[in-house]
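The values are calculated or read from the model by the stated rules, or taken from the named source; none is laboratory data. As the structure is a computational prediction, the values presented were derived from the model and not from experiment. Cβ sites come from the backbone with ideal geometry, for glycine too, and all protein chains shown count toward neighbours. Calculation scope for accessible area: heavy atoms of the full protein, side chains included, ligands and nucleic acids excluded. Shrake-Rupley method; radii C 1.70, N 1.55, O 1.52, S 1.80 Å.
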Amino acid sequence: LPKSVENAVTVATLGIVTASIVAYLPAWSAFADEVATMKANMGDSPDFSAAIQFWFFFATMHPLLQPVLWISEVLHASPGPKIGEILPYSFLLGNIVAIWTTQTFGAVGRMANGLALAAWFAFVGSGLSGTGDLGAYNLALNDGIKGCPTYEQVRQPSMDDFDVTKYQGRWYEQGFHDWTQFTEVYDTTLDIELNADKTRWLDDFALKGPSPTRNPLAWQYSPTTNGAHYFLFGKLGEQKGVLQETGFGVSFPNYIVDVQKDEQGEYTEAIQFQCLERGGVRVFEGINFLTRSPDMSQGRLDAMFARAKAAGMYPYGASPEQIHIVEHQPAGTPPIDNVWQRFYDNIGVNKLLALLESSTHSSFEDSEAAMKNQ
């Protein structure tokens, strides 16, 4: 490309990156102020760096996921014959042309990198400013209200005779406010398992993705189409309804705020609230609306919102505007079987996911046995 064109492209790219930062400058400034407060109050504590790393990991994962999902849609929309019934020749050719163009014309490559950087700043900026997805990407620190509440401030009367043993088993997540989760997934469940003396629990968090709504072409061809798991570990204390949960390098309280029962006294609905505060600054809040069935009527959902409001949780993200409603398939829907899923089976992806699940449960059981022998 002529030098003048390269210079123009460089100037335009720098302008776009700068604009993506300036557009959300007040939000970035507020974020920096809160981080400075944390640092001043915590000094060189490892809890400070762990909390910032926790925030940065998920702040980055959300925007990184977007091009992956977009490319997957392009892949499965690409026309023409395929290599091994999987990879369209047209998609492969398009990638070769794109790589050749960015490698041959340096200005084009720099522009692509600059636009990607601008998109990252804009995406994270929207999360900090509260103009993005409030259910899964409300990144601001201490937004709305400072710090985390005590359990007594949010606990509801339904918890008076709480029995944690009845809380075990499968829960279907109907809604969440939580930036460790992604709106692109569906069929989210929590399987709660207690150890023998009921002092610890394992939360087997399962999901499928991407969802048919978000990725209408690619959803059935993902390695996580038929499910994936990750795990959180909790330690129960003397206070009923409260556990200290550990995951992603940090530890934070998880409050069971409210439960509803059926005629047999079994729990049918629950509201959970996690909150991470470091150095007087609320870094993260997570809210889960849970039921024992994948089906949820609008009337029951409205009643759950009303109970969350009565608990004083709206300022922390429990209002309808700030809760993402999770998609669920009807119970008994069979697994997806297609050439992509068979491909993943052949290369061992599904075996790896199953091994992760089984080894985590085994580790939970083994650590319980070890504690008994001490």
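When Val9, Val68 are checked against the criterion of being without any contact (Cβ under 8 Å) to a residue 60 or more places away in the chain and among the β-branched types (Val, Ile, Thr), a single residue qualifies: Val68. Scanning the range 263-281 for residues that are open to solvent by less than 10 Å² (accessible area, probe 1.4 Å) and within 13 Å of Asp47 (Cα to Cα) turns up Leu276, Val281. Among the residues of the range 299-306, is there at least one that is touching an Asp or Glu at 6+ places or on another chain (Cβ under 9 Å) and either at pLDDT below 95 or in a strand (DSSP E or B) (or both)? For the range 299-306, residues touching an Asp or Glu at 6+ places or on another chain (Cβ under 9 Å) and either at pLDDT below 95 or in a strand (DSSP E or B) (or both): absent.
Residue-wise test of (1) open to solvent by 40 Å² or more (accessible area, probe 1.4 Å); (2) modelled with pLDDT of 95 or more; (3) not aliphatic (A, V, I, L, M).
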residue	(1), (2), (3)
Ser29	yes, yes, yes
Thr37	yes, yes, yes
Phe54	no, yes, yes
Val74	yes, yes, no
Gln103	yes, no, yes
Gly109	no, no, yes
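The residue of the range 34-51 that is nearest to Glu285 (Cα to Cα), among those that are without any contact (Cβ under 8 Å) to a residue 60 or more places away in the chain and part of a helix (DSSP H, G or I), is Ser49. Scanning the range 282-324 for residues that are among the acidic types (Asp, Glu), over 18 Å from Leu141 (Cα atoms) and touching a His at 6+ places or on another chain (Cβ under 9 Å) returns a single hit, Asp295.
Selection of first residues in the range 182-204 that are closer than 16 Å to Ile287 by Cα and of second residues that are part of a strand (DSSP E or B) and of a type in the set (Lys, Arg), restricted to Cβ pairs under 9 Å at least 6 apart or on distinct chains, gives the following pairs, ordered by first then second residue: Thr188/Lys208; Thr189/Arg170; Leu190/Arg170.
The residue list Gln274, Gln239 contains one member that is farther than 30 Å from Leu87 by Cα and either at pLDDT below 95 or more than 16 Å from the chain's Cα centre (by Cα) (or both), which is Gln239.
Of Val5, Val9, all but one fail to be assigned to a helix (DSSP H, G or I) and open to solvent by less than 50 Å² (accessible area, probe 1.4 Å); the exception is Val9.
Among the residues of the range 318-335, those identified as open to solvent by less than 40 Å² (accessible area, probe 1.4 Å) and either touching an Asp or Glu at 6+ places or on another chain (Cβ under 8 Å) or not small (Gly, Ala, Ser) (or both) are Gln322, Ile323, His324, Val326. Whenever a residue of the range 330-342 is under 16 Å from Asp187 (Cβ atoms), its partners that are part of a loop (DSSP other than H, G, I, E, B) and modelled with pLDDT of 90 or more, lying with C-beta atoms within less than 7 angstrom and at least six residues away or across chains, give the pairs Ala331/Pro294; Pro335/Asn226; Ile336/Thr225; Ile336/Asn226; Gln341/Thr225; Gln341/Asn226. The number of residues in the range 218-262 that are open to solvent by 50 Å² or more (accessible area, probe 1.4 Å), within 13 Å of Phe162 (Cα to Cα) and not in a strand (DSSP E or B) comes to 3. Sub-9 Å Cβ pairs linking a first residue in the range 219-239 that is over 20 Å from Thr183 (Cβ atoms) to a second residue that is of a type in the set (D, E, K, R) and open to solvent by less than 20 Å² (accessible area, probe 1.4 Å), at least 6 apart or interchain, are Phe231/Asp203; Phe231/Asp204; Phe233/Asp203; Phe233/Glu245; Gly234/Asp203; Gly234/Glu245; Lys235/Glu245, ordered by first then second residue.
So, Asp33, is that one of a type in the set (Asp, Glu), open to solvent by 30 Å² or more (accessible area, probe 1.4 Å) and touching a strand residue (DSSP E or B) at 6+ places or on another chain (Cβ under 7 Å) or not? So Asp33 fails the test. Considering (1) surrounded by fewer than 13 Cβ atoms within 10 Å (Cβ to Cβ); (2) outside any helix (DSSP H, G or I); (3) free of Cβ contacts under 8 Å to residues at least 12 places away in the same chain, the lone condition that Glu85 does not fulfil carries the number (3). Against the numbered list (1) out of contact with any Phe, Trp or Tyr (no Cβ under 7 Å at 6 or more places or on another chain); (2) over 24 Å from Asp160 (Cβ atoms); (3) in contact (Cβ under 8 Å) with a residue 24 or more places away in the chain, Trp179 comes up short only at (1).
With respect to (1) part of a helix (DSSP H, G or I); (2) of a type outside the set (A, V, I, L, M); (3) in contact (Cβ under 8 Å) with a residue 40 or more places away in the chain; (4) open to solvent by 60 Å² or more (accessible area, probe 1.4 Å), the lone exception for Phe121 is condition (4). Across the range 122-145, a minimum of one residue is classified as at positive phi, among the small types (Gly, Ala, Ser) and either at pLDDT 95 or above or touching a helix residue (DSSP H, G or I) at 6+ places or on another chain (Cβ under 6 Å) (or both).
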